[in-house]
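Below: one structure, written as structure tokens.
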Amino acid sequence: MLRNLFRRVTDLLSGPGEATDELFEELEEVLIASDVSARVSALLVERLRAAAREGRVRTAEGVRDVLRSQIAEILSRHTAPLAVSSPAPPLLYLMVGVNGTGKTTTIAKLGARFQREGRKALLAAGDTFRAAAIEQLELWAERLGAEFVAHQPGGDPAAVIFDAIGAARARGCEVVIADTAGRLHTKRNLMEELGKIARVVQRELGRPADESLLVVDATTGQNALTQAQQFHAAIGLTGVVVTKLDGTAKGGMVITIAEEERLPIKLIGVGEGMEDLEDFDPAGFAAALVP
């Protein structure tokens, strides 16, 4: 459950206070401290100031209501449904992101979702740089009853994806969910390898991956924006999955990524269970940020 993501904002805008210049100045500082970028924070506060000048907002609680609607509007403007079908099977998800974001667990949760729907999934171990990553994904595949494709550690990740597509067709799998190495977004050669994977997918499927999803940790803060920019340039992201939104994260980075990069937030992880991966609801998320 999403709770207290914007606690400082909520505290500031609670009670009978008036919508003063001092309130708006403090609100802008608190938004930035809550991982909303400086540009987006300034944009939000300017809109609130305009509402106050026009007499539409007079109290702190009124500011809170308008802020909630403004956040929902931003998030709704940059949204798109998760691809759940493809012109020609298999449906292919490429999962990218740096180590430690919860990418492997997210892959397992996606696999579990498809399996619950009665759709046969195949997990592809494209993170060939870490033997532990291959072993972890294989364990998840066994638990889920999903198909699995891997190569030896140190192998070519693009070759893994190539084989996974062929195996999915041969085994009647509707969905391939492919892991990739936990690439540091500052490493050019690793980003170029993502480009190679994208080219293999285009050649084999005749289309790009149905989803190229960046997995980001909500506790990362504004560094998540840099990750989104770099991965988007390397592979052309279709959306973002935000993990670890368990009530401890500040949450502003979700607004920042949506507005700065025009990337839809498609899924959010709100717990450790296999069902704790939810489709993103802009209005619901805004209400959780500013209750």
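For the range 1-58, please list each of the helices (runs of 4 or more DSSP H) lying entirely inside it that holds at least 2 residues being in contact with a Ser or Thr (Cβ under 6 Å, 6 or more places away or on another chain) and either within 16 Å of residue 71 (Cα to Cα) or free of Cβ contacts under 8 Å to residues at least 40 places away in the same chain (or both).
Details: elements: 7-12, 21-33, 38-53.
Correct list: 21-33.
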**Request:** Return the total of residues in the range 25-42 being of a type in the set (A, V, I, L, M, F, W, C) and either surrounded by fewer than 16 Cβ atoms within 10 Å (Cβ to Cβ) or in contact with an Asp or Glu (Cβ under 6 Å, 6 or more places away or on another chain) (or both).
**Result:** 4
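This table checks each residue for (1) under 22 Å from residue 128 (Cβ atoms); (2) touching a Ser or Thr at 6+ places or on another chain (Cβ under 6 Å); (3) not assigned by TED's automatic domain parsing to the domain that holds residue 61.
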| site | (1), (2), (3) |
| --- | --- |
| 191 | yes, no, yes |
| 201 | yes, no, yes |
| 204 | yes, no, yes |
| 215 | yes, yes, yes |
| 218 | no, no, yes |
| 226 | no, no, yes |
| 229 | no, no, yes |
| 256 | no, yes, yes |
| 269 | no, yes, yes |
**Filter result (on the phi < 0 side of the Ramachandran plot, of a type in the set (Gly, Ala, Ser) and modelled with pLDDT of 90 or more) within the range 206-223** = 209, 212
**Prompt:** Does residue 288 fit the bill of being in a loop (DSSP other than H, G, I, E, B), under 24 Å from residue 45 (Cβ atoms) and at pLDDT below 95?
**Reply:** no
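Which of the residues spanning the range 196-219 are within 12 Å of the chain's Cα centre (by Cα) and either surrounded by fewer than 24 Cβ atoms within 10 Å (Cβ to Cβ) or more than 15 Å from residue 97 (Cβ to Cβ) (or both)? Before the answer, list the steps.
Initially, the range 196-219 is screened for residues within 12 Å of the chain's Cα centre (by Cα), giving 211-218.
Within the range 196-219, 211, 217 qualify.
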**Message:** Restricting to the range 59-82, name every residue that is surrounded by 16 or more Cβ atoms within 10 Å (Cβ to Cβ), in a loop (DSSP other than H, G, I, E, B) and hydrophobic (A, V, I, L, M, F, W, C).
**Reply:** 82
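The values are calculated or read from the model by the stated rules, or taken from the named source; none is laboratory data. Values in this document were obtained by computation on a predicted structure and should not be read as measured data. In this analysis, Cβ positions are derived from the backbone assuming ideal geometry, glycine residues included, and neighbour counts consider all displayed protein chains.
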